[in-house]
Amino acid sequence: MVDVAQALDEGGLTNKYVRDYVAEWAELTGADRVEVVSAADDARLIAEALEAGEIQPAGEGLYYSRSYFKDTARSEERTIVATNRPEDRGIYNNWRPASEMKPLLMDKMRGASAGKTMYVIPYLMAPPGSPLERYAAGVELTDNRSVVLHMIRMARVDASYINDLDDQDSFVRAVHVTGDLENLGQGTPHDQRYFVTVADERTILHFGSSYGGNALLGKIAHGLRQGSYDGWASGKFLVEQFMLLGITDKETGKKYHICGGFPSASGKTNLAMTLAPDALGDRYYVEFYGDDIAWLWVGDDGKLYGMNPENGVFGVAKDTNADTNPTALDSIEPGTQALFTNVAYNEDTHEVWWEGKTKNPPSEITGWRDWKGNLISERSEDEADEPWAHPNSRFTTTLANVPNVAKDFEDPKGVPIDAIIFGGRTRDREPLIRAITDVAEGVYDGLTLGAEATFAADGLDGQLRYDPMSMRPFMSYPEGAYAAHWLKIIGEATEKPIFAHVNWFQKDPEDGHFLWPGYRENLRPLIWLMQLKNGEVEGNKTPVGIIPTREELNLDGLEIGEDLDRILAIDEERWRQEMGFREGHLSQFDGLPEEIWEAHRRVAGDLGL
Ligand code: GTP
Ligand code: SPV
Ligand code: MN
C-alpha cells in the first residue's frame with residue numbers, strides 16, 4: 001500500500017477534500033506511488049521522461065514524443081456526458097446515466113495503474129483572480145508522465161490553486177488512467193475506451209488514451225465540457241471552443257477584441273497567432289489571447305467579457321511554416337521547452353518534420369522515422385506517398401512563448417468582446433465574410449455552422465456536417481437550452497457584439513485551389529468588420545448578412561483577381577437549398593427558442609422562400 005498521506009504532505013497538498021479524493025483513487029487504481037506535481041517540477045520530470053525513453057530530445061530545450069499509433073486523435077463516439085438527470089440528454093452529448101457510467105469506469109480503472117506512479121496535478125483553468133475562478137480549479141490524477149508534461153504547459157499547475165478551497169464541490173475531480181493501449185480495440189466493436197464527464201458531479205473519468213484531447217483533462221473535458229455545463233447550470237457564463245484576439249488600430253488608438261469558433265483543426269490557432277504585427281503596413285497590431293477555448297460572461301459594468309482559461313497552445317503542426325505562421329515557429333524555437341507529438345523525427349540529428357513545414361520532406365532520409373516509428377528508408381513502394389507526420393500531429397508550448405501574446409493575457413478582468421465570428425472548412429456557398437448585426441440571427445448563424453470535419457477526431461475527416469458554434473464534440477447539455485443560454489447571456493450585455501461568418505476555405509470546383517490566400521491575409525476581412533461596426537463602411541446587404549464590396553476591403557499588397565469576386569458573392573439558389581437542410585438540423589433540437597426559429601424564417605423569407 002502506498003502511503004498517500006505522506007506523498008501528499010511531501011507535495012504540500014493540504015486540502016482535506018482533495019486528500020480524500022486522491023486517497024480514494026490511489027486505492028482503486030492500485031498505483032504503486034503517488035506524487036504531487038507543480039510547474040516548478042518541470043525540469044526534473046523532463047529529465048526523468050528522457051531517461052525513461054518516454055520523450056526524445058528534439059533540439060535544445062525541445063522534446064519529441066510519439067503516442068501509440070491507434071491513439072492520435074479524439075474519439076467522438078467514445079466520449080460521453082453522464083448526469084443524474086435524463087433531461088440533460090442532447091443530440092450531441094451521448095448522454096448516459098451517471099449511475100451506469102461511474103461503476104463502469106471504476107471497473108475499467110480498478111487496478112489498472114498497478115506498477116505505475118499516480119501523478120496528482122492541481123490546476124487552474126483561468127488566470128488567478130478571475131471572476132470565474134471558482135469554476136476553474138481541478139485536480140487531475142494521471143498515471144502518465146507525458147500527460148503531466150503537457151498539462152504543465154497547457155494549464156496553471158500548483159497546489160496553491162486548490163489548497164484553500166473550502167468545500168468538496170469546489171474543484172473538478174479528473175481521473176485519467178491510460179490503460180493497456182495495445183489491447184483496447186480502438187475503433188473496433190470491442191473498443192474499451194471511455195471518456196466520460198459526469199457533469200452534475202463535476203467528475204471526469206477518462207480511460208484508454210494518452211492523446212491530448214482525451215488525456216489532458218483540464219483542457220477539453222474541464223475547460224470545455226464541464227465548464228459549459230457549469231456556465232449553464234449557474235446561469236452565469238458561456239464556455240466555447242473559441243479563439244480570442246485583439247486588434248489595435250495604431251492610427252486611432254482603438255483596440256478591438258474578437259473571439260470566435262471554428263471546428264477542430266480549422267484555423268483558430270492560425271488566426272489568433274499569425275496576424276503578425278507588421279500586417280497591413282504596420283497600421284494594426286494584433287495580439288494573441290487564446291486559440292482554442294474562451295469563457296465569456298457579462299461584467300458588473302454590463303459589458304461582455306472573455307478570457308482564455310488555458311496557459312498554453314496545443315497546435316496542429318501540419319502546414320505550419322515561415323509563410324503561413326511564422327509566429328507559431330517562433331513559439332517553438334530552441335529553448336522554449338516545447339513538445340512535439342506524432343510528427344516525423346530524426347533519431348540521429350534530433351530534428352522534427354511535418355507535412356508543409358517545408359515544401360518537400362528532407363532529401364537525406366537517413367535516421368528519419370515516421371509518426372508510427374517506422375524508418376522512412378525502409379518504406380515499401382506502396383508506402384512511399386504516405387505522410388511522414390500524422391495529420392493531427394501537434395506542438396505544445398506555453399502562452400508566454402507566443403511572440404504576439406497580449407501584454408494583459410493574464411489580467412483576470414478579461415477583455416471586452418466587440419465581435420463574435422464563426423467559420424469552418426466550407427468548400428462552397430459561404431463567402432469570405434458576412435456580417436450579422438442582429439443577436440438572434442448571430443446565434444442562429446452559430447447554431448447552423450456547417451463545415452467539413454477534420455482529422456482532429458478519428459474517422460471523420462472530410463465529412464460535411466453541422467457543428468453548432470464549433471461545439472459539437474464538446475456539447476455537454478441539450479442544444480435547445482444551449483441556444484436559450486446564449487440568448488440570455490448576450491441579451492444581458494448592454495453593448496452587443498457584432499457577429500460574422502467567415503470562410504477561408506472556399507475552393508475552385510474545377511482545380512480545387514483555395515480561392516482566398518488565407519492565413520496572415522485573414523486580417524483584412526476582420527478589419528472590414530470593425531469598420532462596419534464603427535459605421536465607416538456599409539457593405540452590400542444580402543439575405544444572409546452584409547458582405548464587403550471589393551473597394552471596401554483593404555487589398556494593399558495582395559494580388560487577387562476574380563477569385564475575390566467569387567468569394568464576395570452569394571449563390572442564392574445554393575442558399576435556398578441550404579435553408580431546407582437547416583430546417584432539418586434545427587428540428588432535432590428540443591425546446592429551441594422561438595427567436596431562433598424567427599431568425600431562420602426571416603433569412604428564408606429574404607431568400608424568397
Ligand atoms: P484545434 O486545435 O484542433 O481546435 O484546431 P484550430 O482551429 O486551432 O486549427 P489550426 O489553426 O491549428 O489549423 C488547422 C489546419 O488548418 C492547419 O493545417 C492549418 O495550416 C490550416 N489552416 C489554418 N488557417 C488556414 C487558412 O487561412 N487557409 C488555409 N488554406 N488553411 C488554413
Ligand atoms: C481539438 O480537437 O479541437 C483540439 C485538440 O483542440 S484536442 O485537445 O485534442 O481536443
Ligand atoms: Mn480545439
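The values are calculated or read from the model by the stated rules, or taken from the named source; none is laboratory data. Just so it is clear, the structure is predicted and the values come from calculations on it, not from any experiment. Don't worry about glycine lacking a Cβ; one is built from the backbone with ideal geometry, like all the others, and counts go over all protein chains shown. For accessibility, only protein heavy atoms count, side chains too; no ligands or nucleic acids. Shrake-Rupley method; radii C 1.70, N 1.55, O 1.52, S 1.80 Å.
Odds and ends about this structure:
- Counting only Cβ charges, +1 for Lys and Arg and -1 for Asp and Glu, the dipole size of the chain around its Cα centre is about 940 debye.
- Cross-link pairs Lys116/Lys318; Lys108/Lys318; Lys268/Lys496; Lys255/Lys357; Lys318/Lys541; Lys16/Lys116 - those with Cα-Cα distance over 28 Å: Lys116/Lys318; Lys108/Lys318; Lys255/Lys357; Lys318/Lys541
- Trypsin sites (Lys or Arg not before Pro) within the stretch 288-394, DSSP loop, no more than 10 other Cβ atoms inside 10 Å: Lys359
- Cleavage-rule hits, GluC sites (Glu not before Pro), the stretch 522-609, DSSP coil, Cβ neighbours within 10 Å at most 15: Glu536, Glu538, Glu551, Glu559
- Those GluC sites (Glu not before Pro) in the stretch 32-70 that DSSP places in a loop and that have at most 14 other beta carbons within 10 Å: Glu60
- Accessible carbon and sulfur surface of the chain relative to its total accessible area, %, 1.4 Å: 46 percent
- Placing unit charges on the Cβ atoms only, positive for Lys and Arg and negative for Asp and Glu, gives the stretch 129-235 a dipole magnitude near 380 debye about its Cα centre.
- Rolling a 1.4 Å probe across the protein heavy atoms gives the stretch 314-398 an accessible surface of 46 Å² per residue.
- Positive-end extreme of charge dipole, the chain - chosen from Tyr17, Asn308, Pro509 (charges on Cβ): Tyr17
- For Lys413, the aspartates and glutamates whose Cα comes closer than 13 Å to its Cα, not counting residues fewer than 8 places off in the same chain, are Glu133, Asp300, Asp301.
- Relative to the Cα centre, the charge distribution of the stretch 356-399, modelled as +1 at Lys and Arg Cβ and -1 at Asp and Glu Cβ, gives a dipole magnitude of about 380 debye.
- Comparing Cα centroids, the stretch 372-397 and the stretch 173-243 end up 28 angstrom apart.
- Using a Förster distance of 22 Å, the FRET efficiency for Asn321-Glu182 (Cβ separation, nearest 0.05): 0.05
- Point-to-point label distance, Lys541-Thr14, nm (Cα→Cβ direction, 7 Å offset): 6.4 nm
- Three-way shape call for the stretch 314-398 based on the alpha-carbon gyration tensor, with the a/c threshold at 1.5: prolate
- Rounded if a/c under 1.5, otherwise prolate or oblate - the stretch 19-90, Cα gyration tensor axes: oblate
- Less than 5 angstrom separates the built amide H of Leu275 from none of the residues sequence-distant by 5 or more or on a different chain.
- Using 0.36 nm per residue and subtracting the Cα-Cα separation, the extra length available between Thr366 and Phe514 on full extension is 49.8 nm.
- With Cα atoms defining each centre, the stretch 401-433 and the stretch 320-339 are spaced 19 Å apart in the structure.
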